[in-house]
1. Going highest first, how would you order 55-65, 193-203 by mean Cβ packing within 10 Å?
2. Could you state the accessible area per residue of region 40-127 in Å², with a 1.4 Å probe and every protein chain left in place?
3. Loop only by DSSP, 13 or fewer other Cβ within 10 Å of the Cβ. Give me the GluC sites (Glu not before Pro) in region 255-315 that pass, ordered by residue number.
4. Residues in region 43-73, backbone N under 18 Å from the label point at N6 (7 Å along the Cα-to-beta-carbon vector): list them, ranges by number please.
5. Given C-alpha coordinates of the chain, what is the ratio Rg to Rh with the Kirkwood estimate of Rh?
6. Consider a paramagnetic label point 7 Å from the Cα of A209 along Cα→Cβ; state which residues of region 161-195 have an amide N under 13 Å from it.
7. Write down the accessible area per residue of region 172-213 in Å², having rolled a 1.4 Å probe over the full set of protein chains.
8. Leaving ligands, DNA and RNA out of it, work out the accessible area of R294 with a 1.4 Å probe and give it in Å² to the nearest 10.
Amino acid sequence: MENSLNYQPVADRYERMPYKYCGKSGLQLPLISLGLWHNFGSVDNFEVATDMIKFAFDHGITHFDLANNYGPVPGSAESNFGRILRENFQGYRDEMIISSKAGHEMWAGPYGGNSSRKNLMASIDQSLRRTGLEYFDIFYSHRYDGVTPVEETVRTLIDIVKQGKALYIGISKYPPEQARIAYEMMAKAGAPCLISQYRYSMFDRAVEAESLPLAAEYGSGFIAFSPLAQGLLTDKYLNGIPEGSRAARSSGFLQRSQVTPEKVEAARQLNEIARRRGQTLAEMALAWVLKDERMTSVIVGASSVKQLADNLKTLEHLEFAEEELQEIERIL
């Protein structure tokens, strides 16, 4: 791929991606967004990370999803992304939606990891410095911490918009009761909740009961993370746990215990449907999450340009026949 001095985004990049309005707003997001949760930290290959961002932008991915604690080391994904922007994307900031979040553990002591005003204000200032940005397009409360009154967190988010540090605000992983309070307060303040981010996949459908309908009720867009269930909805685990995979590591978000015989068997059956559709299991799993009209976008992670290219093939076949949906439902 071109080096940073010569990089010019391709001219037809916006013809390669469908965009969708985010809830009741004038902001469009690409159907597929790129998440920097993994593979963009200080322990990762910077050239590979750079190539993935360039490839994403060349294919119409305009939305890049960060958080202050992404790494490892925490903060390094933002620092690396800021460097990639400086070295490659001078003059393209206004064509990008860059989001970040705060609320998980980030620095030592009692102020480094909750949803208090102290934490959020310090966090956004740190994140802006790391990325070198003047503002974020979207800034989220990364979680309801179970302690800080929702009102305190939401007032802080509203002030962040008023101060010009973010254009829009969102919530992530909020329980329905707290989400409703947040939606109400934001709407009253004239800074409505643009977007709600939750874990959602064929194997994790908890949001369908309350969170997804609630977001739609208040005009908030909805974006899914972990749509491939940390790799369970790919062909990686169809024949056991391969060496070097996420589940093979002792630490991480996918444990060996989660790769159950039932999940593997379900994935095998789903893989058969995907094969008949001319898709990989991963492509079908992404299309399945996007089939709900209330969904705005889905966040994919990638460890290589090839993996990202494979995920983008999802866009070639998004429709499902009614029989396919019924068969998938039976398996799930």
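1. Numbers: 55-65: 22.5, 193-203: 24.2.
Those peptides, ordered most packed to least, come out 193-203, 55-65.
2. Details: 3040 Å² over 88 residues.
About 35 Å² of surface per residue is accessible.
3. E293
4. Residues 47-48, 50-52, 54-55, 58 fall inside that zone.
5. Details: Rg = 19.3 Å, Rh = 20.4 Å.
That ratio is 0.95, to two decimals.
6. Answer for this model: 175-177.
7. Working: 1750 Å² over 42 residues.
That works out to 42 Å² for each residue.
8. Counting only protein heavy atoms, the figure is 90 Å².
The values are calculated or read from the model by the stated rules, or taken from the named source; none is laboratory data. Quick caveat: nothing in here was measured; it's all calculated off a predicted structure. Cβ sites come from the backbone with ideal geometry, for glycine too, and all protein chains shown count toward neighbours. Quick note on the areas: whole protein, heavy atoms, side chains included, nothing else; ligands and nucleic acids left out. Shrake-Rupley method; radii C 1.70, N 1.55, O 1.52, S 1.80 Å.
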